[in-house]
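Student: Below you will find the structure I want to go over with you.
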Amino acid sequence: MSSTPQTPTSPRATNHTRAASVASTASAAAAALAATEARTLSAALERASGALAALVRDVTAQLAEASATAHATAVHVHAGAVDTVQRVEAPSAAAAGLVARADELGNALNDRLVAIYEDVRAVHLALDFLEPRVDLVLANAATAQAPPQSK
């Protein structure tokens, strides 16, 4: 047997060993706590990331729905505008045709009234010219039919 001389442990050495042990335990506890916190934070980050991704998908779907609704509305408004134009266009064209025909008839009526006026004027001129002759013819006829006067 070998005999190793035992050295008496001093209280200072014992305190130093205990302090190193406590420090090592504290360090291990801090490392375990840090690892636990890291896992907790990692799990929370994963949950937050999943929630954010779901929110992005939801907002994207709502924007797509709003875009589709806006497009459908624009298509309906365009179709309504085309329909309104077509409904107004035919009566407007008919009205324009009626106005053009009324203008034609008005011009023809005006031409006819001018012609009638000229005819009436010519008749008046002829009557003015013939009136003294008619008076003369009537006077001659009255004289020719008068009984002879006795003397």
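The values are calculated or read from the model by the stated rules, or taken from the named source; none is laboratory data. Since this is a predicted model, take the numbers as computed values, not measurements. Heads up, the Cβs are rebuilt from the backbone with ideal geometry, glycines too, and the neighbour counts pull from every protein chain shown. These area figures cover heavy atoms from the full protein model, side chains too; ligands, DNA and RNA do not enter into them. Shrake-Rupley method; radii C 1.70, N 1.55, O 1.52, S 1.80 Å.
Student: Would you mind telling me the share, in percent, of accessible area of the chain contributed by carbon and sulfur at probe 1.4 angstrom? Numbers along the way, then the final one.
Tutor: Details: 8630 of 13250 Å².
Solvent-exposed carbon and sulfur of the chain make up 65 percent of the total.
Student: Next question. For region 116-128, take each phi angle, set θ = phi - 60°, evaluate the Karplus expression 6.51 cos²θ - 1.76 cosθ + 1.60, and give the result in whole Hz per residue in order, putting x for glycine and proline.
Tutor: Each residue of region 116-128 in turn: 5, 4, 5, 5, 5, 5, 5, 5, 4, 4, 5, 5, 4 Hz.
Student: Determine the principal axes of the Cα atoms in the chain, then give the extent along each, sorted from largest to smallest and rounded to whole angstroms.
Tutor: Principal-axis extents of the Cα atoms in the chain, largest first: 218, 26, 20 Å.
Student: Next question, about the same structure. Please give the contour-minus-distance gain from residue 129 to residue 107: 0.36 nm per residue of separation, less the Cα-Cα distance, rounded to one decimal in nm. Write down the numbers at each step before the final one.
Tutor: Numbers: separation 22, 0.36 × 22 = 7.92 nm, distance 3.28 nm.
Length gained, residue 129 through residue 107: 4.6 nm.
Student: For region 72-151, just run the numbers: alpha carbon Rg, then divide by 2.2 N^0.38 Å, N being how many residues it has.
Tutor: Numbers: Rg = 34.0 Å, N = 80, 2.2 N^0.38 = 11.6 Å.
Normalised Rg, Cα atoms only: 2.92.
Student: Which of 64, 43, 19 sits closest to the plus end of the dipole of region 18-118, meaning its Cα is farthest towards the positive end, when Lys and Arg get +1 and Asp and Glu get -1 on the C-beta?
Tutor: My answer, from the dipole projection, is 19.
Student: By accessible area of protein heavy atoms, probe 1.4 Å, what ranking do 83, 128 get, highest first?
Tutor: Ranking 83, 128 by accessible area, largest first, yields 128, 83.
Student: So what is the accessible area of the chain per residue, in Å², with the probe set to 1.4 Å? Before the final figure, lay out the partial values.
Tutor: Numbers: 13250 Å² over 151 residues.
Value returned for the chain: 88 Å² of accessible area per residue.
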